[in-house]
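The values are calculated or read from the model by the stated rules, or taken from the named source; none is laboratory data. Computed from a predicted structure; not experimentally measured. With ideal geometry, Cβ positions are generated from the backbone for all residues, glycine too; neighbour counts draw on all protein chains shown.
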Amino acid sequence: MSDKLIIFDTTLRDGEQSPGASMTREEKLRIARQLERLHVDVIEAGFAASSPGDFEAVRSIADAIREVTVCSLARANDRDIARAAEALKGAARARIHTFIATSALHMEKKLRMTPDQVHEQARQSIRFARNLCDDIEFSPEDGYRSDVDFLCRVLETVIAEGATTVNIPDTVGYAVPELYGEFIRNLRERVPNSDKAVWSVHCHNDLGMAVANSLAGVKLGGARQIECTINGLGERAGNCSLEEVVMAVRTRRDYFKLDLGIDATQIVPASRMVSQTTGFLVQPNKAVVGANAFAHASGIHQDGVLKARDTYEIMRAEDVGWATNKIVLGKLSGRNAFKQRLQELGVSMESEAEVNAAFARFKDLADRKSDIYDEDIIALVGDESVTPEQEHYRLVSLAQHSETGERPQATVTFVADGVEHNAASDGNGPVDASLKAIESKVRSGAEMMLYSVNAITSGSTESQGEVTVRLQLGGRVVNGVGADPDIVVASAKAYLSALNKLHGNADRVAAQG
Ligand code: KIV
Ligand code: ZN
């Protein structure tokens, strides 16, 4: 009999709570589509009641995704739960995930409620939610630090009221694997109706053990759902990393003996998309998705891998979606070839206007860069989260001069709302001068929170530079990404892309309250 492990992805909810990782609705939708290609079982799309922007994001994802359950978080009250149900109305399969804190610390200091009040609120919320949706998940927040007797009482009640999944969060990342696994097993043994619900684990990575704890919750505790995020994105040190947990279960199937629905070849594209959208770079030595995860530098290792791959490799790079740097298109490639390659890469475009805009950028790039790789194409379309209609600012041209001993100067020509502007400035370096030039005309007043440059294809200075700029203005945080073989141009593009998001209704999705 198949024993399936459910993969619940919360990149768009818990991952997005990471400071600076907030995403626009379009960005969330794009990632949700990639998660669908990855075949996760559940996408937690957001927290519908937390802001109109998050409501719209959950609704768009629920309307668009057909193959995967779409879930919204909700506090354990009628208003939040009704908002979640409303946002999920169009979903092919919907789940409401409601939570209330159960640790003494959280109940007393944060909620200012007695245990009996929390117990009653949990009961009422599941009763209310069950009238709106068949698939209900309940989480006792800070569950791992809760009194076990009280937790058993709450869990028994919510299962009796119809919760179909009970999730035990290690909210502050305090657990260690053996103890967490035993904790889950103990709860399952003590809650009389435990067999009526799927048990789930949700671990934070404050002590670097989120993946190990989640796996222990499965192996020792008998949980059958893991909550995780792409690249381990999430508040503080992040959540359990999807790629690591999935590849551990898959590579060590001999030990875990569990089935997964995941299409692992979509892991690296998903990792790249999340990193590019949020500006959170993946460390090179990160398991599975880091640039060095499959690189063999030492002579002995290289020799071994050439003779027999499994001497030093336990997974195959291509199985998790690493494409060997392949020259795929060139200057003479036509629109159809470009469109077909987009389809092969799993990039779906909403309209012909978007394809045309991306193709124009491709032609421009092909004129300046002889070899175009898959990574270049993904970067080209990566900024499609700002649709042509939302593009208020657009770079036309840039000239800069820097020389040893001289202060760099830049002149930037850009379009703002259909009108062309020229702006000039000096700066500490050519990038600084270019961004100051733009800002001298736009006067956004935004504060720069992050500036980072990354080579799109490794190993050569011919690579395009991909720049991420994070701006903050009046409590809104947005990321802009720009790619170009010239990193000064990429920087200006990234800055204008961030300004487009600040300018438009690209609603910031508020973090969980
Ligand atoms: O970490 C946590 O406790 C959560 C819950 C809302 C599930 O994210
Ligand atoms: Zn969490």
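Annotations for the structure displayed:
- Failed criterion for E44 (all others in (1) touching an Asp or Glu at 6+ places or on another chain (Cβ under 9 Å); (2) part of a helix (DSSP H, G or I); (3) under 23 Å from M247 (Cβ atoms) hold): (2)
A quick yes/no check of all residues on (1) without any contact (Cβ under 8 Å) to a residue 12 or more places away in the chain; (2) within 12 Å of ligand 1 (Cβ to nearest atom); (3) aliphatic (A, V, I, L, M); (4) surrounded by fewer than 17 Cβ atoms within 10 Å (Cβ to Cβ):
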residue	(1), (2), (3), (4)
T157	no, no, no, no
E161	no, no, no, no
T165	no, yes, no, no
D170	no, yes, no, no
G181	no, no, no, no
V201	no, yes, yes, no
H204	no, yes, no, no
R224	no, no, no, no
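- Among the residues making up the range 220-233, those that are closer than 26 Å to N186 by Cβ and part of a loop (DSSP other than H, G, I, E, B) are L220, G221, G222, A223, R224.
- Scan the range 1-41 for residues that are within 16 Å of ligand 1 (Cβ to nearest atom), free of Cβ contacts under 8 Å to residues at least 60 places away in the same chain and either more than 17 Å from S72 (Cα to Cα) or among the basic types (K, R) (or both) and the total you get is 0.
- Taking the criterion of being more than 16 Å from ligand 2 (Cβ to nearest atom) and either at positive phi or basic (K, R) (or both), the residues of the range 13-39 that qualify are G20, R25, K28, R30, R33, R37, H39.
- Which numbered condition L473 fails, given (1) under 28 Å from R13 (Cβ atoms); (2) under 22 Å from the mean Cα position of the chain (by Cα); (3) modelled with pLDDT of 90 or more; (4) not β-branched (V, I, T): (2)
- Residue check: A216 meets all listed conditions (1) more than 27 Å from E318 (Cβ to Cβ); (2) buried (at least 16 other Cβ atoms within 10 Å of the Cβ); (3) within 16 Å of ligand 2 (Cβ to nearest atom) but one, namely (3).
- Here the condition is being modelled with pLDDT under 95 and of a type in the set (S, T, Y); of S51, S125, it holds for S51 alone.
- Scope the range 334-350; condition at pLDDT below 80, on the phi < 0 side of the Ramachandran plot and in a loop (DSSP other than H, G, I, E, B); matching residues: L345, V347, S348, M349, E350
- Of all the residues in the range 242-263, those that are closer than 23 Å to A379 by Cα and either within 16 Å of ligand 1 (Cβ to nearest atom) or surrounded by 20 or more Cβ atoms within 10 Å (Cβ to Cβ) (or both) number 2.
- If you go through the range 133-185 and keep only what is of a type outside the set (V, I, T), part of a loop (DSSP other than H, G, I, E, B) and within 16 Å of ligand 2 (Cβ to nearest atom), you end up with D142, S146, G173, Y174, A175.
- The range 312-333 - residue that is surrounded by fewer than 15 Cβ atoms within 10 Å (Cβ to Cβ) and modelled with pLDDT under 85 and, of those, nearest to A287 (Cα to Cα): E313
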